[in-house]
Amino acid sequence: MRKYKNYLIDMDGVLIRGKTLIPGANEFIERLNFYHIKYLILTNNPLQTPRDLAHRLQTIGLNISPKKIFTSAMATARFLQSQKPNCKVFAIGESGLTQALHDAGLVLTDTNPDYVVLGETNSYNFDQITRAVRLIVDGALFIATNPDTTGPLEEGLVPACGSLAALIEKATGRAPFFIGKPNPLMMRSAMNYLGVHSEDTVMVGDRMDTDIVAGIMSGMETILVLTGVTSPDTLRSFPYRPSRIISSIKEIIVDLDKP
């Protein structure tokens, strides 16, 4: 019986572009489900819960369950629980972050927290930022879900977690510890969640500076798709290379169907 590898798959630029499916994405997910291949959709986006993200993907034609989605918020919550079980956290973020922290058994409070955790939000609140700065100056440890400086929306780019983290770092003199890609910790956390080993797992992504470098540092096979951020021209500027470069996710479908 043929043995398939497991897959960690970036979302934006690999499966979808905004609210549009990338050609072949639906067929690829169907093959993974049909062959019972273990996989996770891996995203640095901490805004939404896996259930909300799954609903978003299902509405555009991808049959992905919430259990197949792993976010930087989930990785952050698991990291904190492993470092200091049941710790106290002051969090800036949406339901994707707060739900993950609650699910890990952490306490959300602004009274003497052990950590300040920065995610992303649709409406940054100056009072919350000020509170975070003061708590960090008073000794709370600074964690951020992901280092992305901008995020894509249909109408254009918006500031993301890394941009606000830079503001807080400037105000406090304390740099955050980023959990999401390209930190290999995100990849290790996802593989532990899936119950797989790096030797048997492939990272599929569209960004050399997050997806591919994180996969390489985690000891995985890596596949770069050219339907997202990285182009053949920008690829030349990186001192490392993916295991394989393909035009789109369609090429993996052919591999899965080979006898």
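The values are calculated or read from the model by the stated rules, or taken from the named source; none is laboratory data. All figures in this text were calculated on a predicted structure; none of them were measured in a lab. Neighbour counts run over all protein chains shown; Cβ positions are idealised from the backbone, glycine included.
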*Hey, can you tell me all the residues within the stretch 21-66 that are in contact with a helix residue (DSSP H, G or I) (Cβ under 7 Å, 6 or more places away or on another chain) and of a type in the set (K, R)?*
R31, K38, R51
*Exactly one of (1) of a type outside the set (G, A, S); (2) within 19 Å of I212 (Cα to Cα); (3) at pLDDT below 95 is unmet by C161. Its number?*
(2)
*Give me a count of the residues in the stretch 49-73 that are surrounded by 21 or more Cβ atoms within 10 Å (Cβ to Cβ) and within 20 Å of E94 (Cα to Cα).*
9
_Need pairs with beta-carbon distance below 9 Å; first residue in the same structural domain as A214 (by TED's automatic domain parsing) and free of Cβ contacts under 8 Å to residues at least 40 places away in the same chain and within the stretch 232-246, second assigned to a loop (DSSP other than H, G, I, E, B) and among the charged types (D, E, K, R); sequence gap 6+ or separate chains._
L235/R241
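Condition first: free of Cβ contacts under 8 Å to residues at least 12 places away in the same chain and either surrounded by 15 or more Cβ atoms within 10 Å (Cβ to Cβ) or assigned to a helix (DSSP H, G or I) (or both). Now tell me which residues in the stretch 12-48 satisfy that. Quick ask: steps written out before the conclusion?
If we filter the stretch 12-48 for residues that are free of Cβ contacts under 8 Å to residues at least 12 places away in the same chain, which is where we start, we get 34, 36.
Result: F34, single match.
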*Some residue of the stretch 157-165 being out of contact with any Pro (no Cβ under 8 Å at 6 or more places or on another chain), within 29 Å of K250 (Cα to Cα), in contact (Cβ under 8 Å) with a residue 60 or more places away in the chain and not polar (S, T, N, Q)*: no
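Residues to consider are K67, K88; find the one that is of a type in the set (K, R) and closer than 30 Å to I29 by Cβ. Reasoning before the result, please.
Values: K88 fails: closer than 30 Å to I29 by Cβ.
Answer to the selection: K67.
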*Give me the pairs, please: first residue somewhere in the stretch 98-115 and in the same structural domain as R134 (by TED's automatic domain parsing) and farther than 16 Å from F142 by Cβ, second residue anywhere and among the hydroxyl-bearing types (S, T, Y) and part of a loop (DSSP other than H, G, I, E, B), beta-carbon distance under 7 Å, and either six or more positions apart or on two chains.*
Q99/T49
*Name the one entry in S248, S163 that is under 27 Å from R31 (Cα atoms), among the polar types (S, T, N, Q) and surrounded by 14 or more Cβ atoms within 10 Å (Cβ to Cβ).*
S248
*Out of all the residues in the stretch 190-206, which are surrounded by 23 or more Cβ atoms within 10 Å (Cβ to Cβ), within 17 Å of T145 (Cβ to Cβ) and touching a Lys or Arg at 6+ places or on another chain (Cβ under 8 Å)?*
none
